[in-house]
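Structure first, then comments.
Values quoted throughout were computed directly from the atomic coordinates according to the rules given, and no laboratory measurement underlies them. Since we're looking at a predicted model, the values are computed, not measured. Reconstructed Cβ throughout: ideal geometry from the backbone, glycine too, with neighbour counts over all protein chains shown.
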């Protein structure tokens, strides 16, 4: 019987590979970033090509408060990640709930903005090119917020029923990675729609 | 190096000594087990079988196109049917044949080659397959859905690139375009899922000792392909969403009358469309990387250069899309940029070609059926690349765009390179998947018929293109001088059809009557040949440990292991 000489034999413990959740979420984020890039490109390309109004300048107000809510939620979810890593479950539940709350406030902000646009400014997705691009891009982002919130609500349900334990910290981190992405994309969408676009 | 340290559970422990057992059960149980399976091998087989069925369907569509074009003023099918035939032929071949068959082999081989138990996410794997399968059924349901079987139903008729604004509600009423868009959307989601899965598998599931640079080239190339899928198929998904917003919600993305842009669709589509060629061809390269060394009895030449070239192709391929759009009209800077970036691809592909030649050079070549397909692939790939460089020159492209020269060029890539390598892969890995060898005599018949049919068809097809015959035309005038050429092309098409039928017969025949393969019929070197044929559900009895790029060589040649040279 032949034996195979192997140089790694004496340090087997050093055989470490990246965790699959992080690699998969990173891959998903790459794919999602590309989708957002396409919608952002369409938005920028179509700026000012409308045949009729309303135009972005006439109807859009900068949602400072709601944007700060969403972007600061990245900080709170980071605190939550930190807490569960150190087995501080009470702190985790607190920071995680704050993150969800901030996400919900952001969604509420989008809802009242759309309500105003639809009922006061009479801008819908089919009104003009701006409406099509605006609702698609902001709606695409909002749908990602909704997906993130659903996953975080499931997690918080597990946390409050004591089914979530510090050994799940790794899974929480994968979910948090997604949420950081959703927040980062908002910076791009915000810049494109409310800064450049107006 | 720390030599002579015995490893009790090295790769040897991975070899399964238990005799193969045939599972017994009712047919219903068997079908159930295939539907609920999350095993990467079964899903791989499902992908391949599904793709082969659609290969026959899309091949039949191609032959109907060729019958229609065999002589001028033919009326074998109606013009409306003809539009549907080439739309469905292209869409099917790319999304329901090319992608699934390559993902099928990837699914089957990547975990085995890296010594893993399964893919990183088995259930995601099953989801990806079934949503792709759903996409295929949905696309073909369009034939009988809508207006029903009379005529040709409501199959899409907007060509596989579905340029706007033809696809807008005003110009494509009814649901034919919706079938197309939703099917592509669904298949795209499946592709992205599989790409994520392959990347996670390659990076996270390798067995002990298998560093990235000890990994066989096939997983390397599948990782590259998967990366391209992430960044190239996603734009397609995004622009299908835009198209559906236009069609269902009254949006104006591609509605030129409301300020929307048809050119934007062309850009978005080709941002997907060109990298897609590399999504399809890189797995074909991957097969060549595994098969050519084994039948040349030499290790692959220039492994690091092969990795670098593959990853290089992956990146360059993302910056060449607008060479499909020279005739749409771009700035001279745009023309120059995309001409040069397209030509740049020829450098890494040239590196690969020379490395394959250097692998064969001085080897003890065994001309088995898979190797024959590999050799034909090398020649045909070079010719396909050369016409590609011709077409990348924007001035030449203006003359020949959307002519049969372009059709001949990309069929040279898709059939001459990719389909030939898929056939090579079928002959090479069929023994592993089924436990039985494919008949070599029938294989040779298949190869020679395919080779002759291919060259009769596609070499000839360049000429009517140069003479100005546009693609996607229903018929042509008799005085153009295209008649004989088109007849020859059609004959070549039928010879290839017969060749594929020989393969189908061989696959069915050998499944029942083929010679028993044993675990390692080709005397190969990668880990999949360490398992029984077909491999047990758990793949490896114990986790293998490897010390070089060719673990099985090390095992068979303890006096001269590869690991001594690392």
- Message: Modelling each spin label as a point 7 Å along the Cα-to-Cβ direction, I'd like the residue B:357/residue B:73 distance in nm, to one decimal.
- Response: 5.0 nm
- Can you give the relative contact order of chain A as a percent, counting alpha carbon pairs under 8 Å and 6+ residues apart? 32 percent
- Message: Just want to confirm a number: the relative contact order over chain B, from Cα pairs under 8 angstrom separated by 6+ residues, in percent.
- Response: 19 percent
- Task: Could you work out the mean count of beta carbons from other protein chains within 10 Å of each residue's beta carbon in B:115-122?
- Result: 1
- By the mean-Cβ-within-10 Å protection proxy, highest first, A:154-162, B:95-103, A:84-92 rank as B:95-103, A:84-92, A:154-162
- Residues residue B:365 and residue A:170, FRET efficiency given R0 of 35 Å [Cβ-Cβ distance, rounded to 0.05]: 0.10
- Query: Helix B:303-316 versus the longest principal axis of chain B: what is the Cα-based angle in degrees, 0 to 90, to the nearest 10?
  - Reply: 20 degrees
- Task: Can you check how the C-alpha radius of gyration of the range B:324-389 compares to 2.2 N^0.38 Å, as a plain ratio?
- Result: 1.55
- Could you line up B:168, A:113, B:566 from fewest to most neighbouring Cβ atoms inside 10 Å? B:566, A:113, B:168
- Mind checking the full-extension length gain between residue B:163 and residue B:487? Use 0.36 nm per residue of separation minus the Cα-Cα distance, one decimal, nm. 113.7 nm
- On average, how many beta carbons from a partner chain sit within 10 Å of the beta carbon of a residue in A:132-142? 3
- Between residue B:170 and residue B:505, 0.36 nm times their residue separation minus their Cα-Cα distance comes to what? 115.9 nm
- Message: I need two numbers for the range A:12-109: Rg to one decimal and Dmax as a whole number, Cα atoms only, in Å.
- Response: 19.9, 68
- Task: Just order B:268-281, B:438-451 by mean Cβ neighbour count inside 10 Å, highest at the front, would you?
- Result: B:268-281, B:438-451
- Item | Normalised convex hull volume, the range A:64-198, alpha-carbon set, Å³ per residue | 96 Å³
- Message: Which of B:80, B:410 has the fewest other C-beta atoms within 10 Å, and how do the rest follow up to the most?
- Response: B:80, B:410
- Where is the GNM fluctuation largest for chain A (alpha-carbon springs, 10 angstrom cutoff): A:70, A:164, A:175? A:164
- Query: When chain A is treated as a GNM, springs tying every alpha-carbon pair under 10 Å, which of A:136, A:27, A:97 comes out with the largest mean-square fluctuation?
  - Reply: A:27
- Task: Quick one: order B:230, B:264 by neighbouring beta-carbon count within 10 Å, fewest to most.
- Result: B:264, B:230
- Task: Send over the per residue convex hull volume for the protein assembly as shown, Cα only, as a whole number of Å³.
- Result: 181 Å³
- Using the C-alpha atoms of the range B:289-362, what convex hull volume per residue, in cubic angstrom, is computed? 87 Å³
- Query: Which value results for Rg/Rh of the range B:173-300 when Rg is the Cα radius of gyration and Rh the Kirkwood radius based on the inverse mean 1/r?
  - Reply: 1.14
- Query: What is the pair-distance distribution P(r) of the range B:102-250, computed from all Cα-Cα distances in 10 Å bins starting at 0, with each bin given as a whole percent?
  - Reply: 11, 34, 26, 17, 10, 2, 0
- Using distinct alpha-carbon pairs, which all enter the 1/r mean, Kirkwood radius of the range B:39-565 in Å: 23.7 Å
- Item | Helix-only [θ]222 nm of the protein assembly as shown, DSSP H runs n ≥ 4, -39500 (n - 2.57) each, per residue, nearest 500 | -22000 deg cm²/dmol
- Note on the structure: With the label point 7 Å along the Cα-to-beta-carbon line of residue A:87 and a cut-off under 17 Å to each amide N, the hits in the range A:166-197 are A:166-170
- Task: First measure r as the distance between the Cβ atoms of residue A:79 and residue A:55, then evaluate 1/(1 + (r/R0)^6) with R0 = 60 Å and state the FRET efficiency to the nearest 0.05.
- Result: 0.90
- Note on the structure: Per GNM of chain A with C-alpha springs under 10 angstrom, the most fluctuating residue out of A:82, A:141, A:122 is A:122
